[in-house]
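> My questions will all concern the structure given below.
Every number here is computed from the coordinates shown, using simple stated rules; none is lab data. Because the structure is predicted, anything quoted here is derived from the model rather than measured. Because the Cβ atoms are built from the backbone with ideal geometry, glycine has one as well, and the counts that use them run over all protein chains shown.
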Amino acid sequence: MKMTYREAVRQAMHEALTADPRVFLMGEDVGKYGGTYACSKGFLEEFGPERIRDTPLSELGFVGAGIGAALGGMRPIVEVMTVNFSLLALDQIVNTAAALRHMSGGQFSVPLVVRMATGAGRQLAAQHSHSLENWYAHIPGIKVLAPATIADARGMLGPALADPDPVVIFEHAQLYNQEGELPEDWRCDIASAAVRREGADISLITYGGSLPKTLAAAEQLAAEGIGAEVIDLRYPNGFAIRSLAQLAEADGSHTVPAQRAH
């Protein structure tokens with residue numbers, strides 16, 4: 001089935017909302033407007049205002065509300081409009097959601113999913129163009145996901161909602177209009193990297209919005225007789241250093257294309 005990355009995200013949320021009454025979506029413009037990137041279009045009419053909640057412009061407040069709901073047994077999907085604005089909620093994400101399991105001695109978990117658009121290249125200037133997923137990847141207690149394909153955009157949300165701990169999903173905004181085939185086996189884990197192209201001469205290690213550019217670079221290298229393996233991290237803070245060492249030992253060279261945090 002052919003669809004856009006945006007539609008894959010939308011289908012994933014629709015399935016979650018349909019399957020589990022504990023799941024609800026909250027964030028700025030997710031209801032009447034249908035989401036800044038149209039990922040929740042039509043949800044308010046279908047699921048109602050109790051489960052599709054438009055919030056005030058207060059990331060600190062509504063992310064905190066999501067944490068409270070998760071502690072109370074719900075499965076919230078909190079949408080932050082863009083990664084830059086997530087900095088306003090750092091205290092809730094870093095000092096509360098990520099730390100509560102440790103601070104409670106394992107008595108509490110926070111099954112919270114936070115989604116946000118990330119990345120530059122859309123002429124949206126300084127406050128909508130950061131790539132801060134590597135910041136979050138260094139925070140113990142949260143899992144960071146970077147779906148780069150239509151299959152991962154469709155498949156990552158389910159296991160993220162099932163995870164007992166906070167999961168932050170970074171969706172590169174330049175991928176929303178990407179169109180392609182959704183494979184039949186789109187269901188996936190959220191704990192491993194994926195080889196997107198085989199090659200024996202060099203490994204290109206990437207994630208998120210940099211994957212299409214890395215695959216294009218691999219094509220150019222192939223035209224010059226260089227076989228480039230392309231590895232999509234998918235789960236940036238879960239990719240073991242040991243695995244990177246094994247790759248370097250196997251082919252003798254690797255490089256990491258990624259978008260800078262502007």
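> For the chain, take the longest principal axis of its alpha carbons; what is the angle in degrees between that and the long axis of helix 211-223, to the nearest 10 within 0 to 90?
Tilt of helix 211-223: around 10 degrees.
> So what J values fall out for the range 148-165 if you push phi through Karplus, 6.51 cos²θ - 1.76 cosθ + 1.60 with θ = phi - 60°, rounded to Hz, Gly and Pro as x?
10, 10, 5, 5, 6, 4, 7, x, 7, 5, x, x, 5, 5, 7, 5, x, 10
> What percentage of all Cα-Cα pairs in the chain are separated by more than 36 Å? Let's see the in-between values first.
Values: 4385 of 34191 pairs.
Result: 13 percent of Cα pairs exceed 36 Å.
> For K32, go through the aspartates and glutamates and keep the ones whose alpha-carbon is under 17 Å away, minus same-chain ones fewer than eight residues off.
By straight Cα distance, K32 reaches E45, E46, E50, D54, E79.
> Would you compute, from DSSP H runs of 4+ residues alone, the mean residue ellipticity of the chain at 222 nm, taking -39500 (n - 2.57) per run and dividing by the full residue count, rounded to the nearest 500?
On the way: 9 runs with 78 residues, N = 262.
Dividing the helical sum by the residues of the chain leaves -8500 deg cm²/dmol.
> Starting with the highest mean, order 102-108, 182-188, 155-161 by the number of other Cβ atoms within 10 Å, averaged over the residues of each peptide. All intermediate terms of the calculation are to be shown ahead of the outcome.
On the way: 102-108: 10.3, 182-188: 13.9, 155-161: 22.3.
Ranking the peptides 102-108, 182-188, 155-161 by packing returns 155-161, 182-188, 102-108.
> Sticking with this structure for a sec: When a/c is below 1.5 the answer is rounded, else prolate if a/b is larger than b/c, else oblate, so apply that to the range 54-146 with a ≥ b ≥ c taken from the square roots of the Cα gyration tensor eigenvalues. Walk me through the numbers before you get to the answer.
Working: a/c = 2.40, a/b = 1.64, b/c = 1.46.
Taking the square roots of the gyration eigenvalues as a ≥ b ≥ c, the range 54-146 is prolate.
> P(r) tail for the range 12-59, what percent of Cα pairs lie past 18 Å?
Working: 223 of 1128 pairs.
Value for the range 12-59: 20 percent of Cα pairs lie more than 18 Å apart.
> Something else: Compute the long axis of helix 5-19 from its Cα atoms, compare it with the longest principal axis of the Cα atoms of the chain, and write down the angle in degrees, 0 to 90, nearest 10.
It is inclined by approximately 40 degrees.
> Applying the Karplus parametrisation 6.51 cos²θ - 1.76 cosθ + 1.60 with θ = phi - 60° to the phi angles of the range 187-192, what ³J(HN,Hα) value in whole Hz is obtained for each residue in order, glycine and proline being reported as x?
Residue by residue, the range 187-192 yields 5, 8, 8, 10, 9, 8 Hz.
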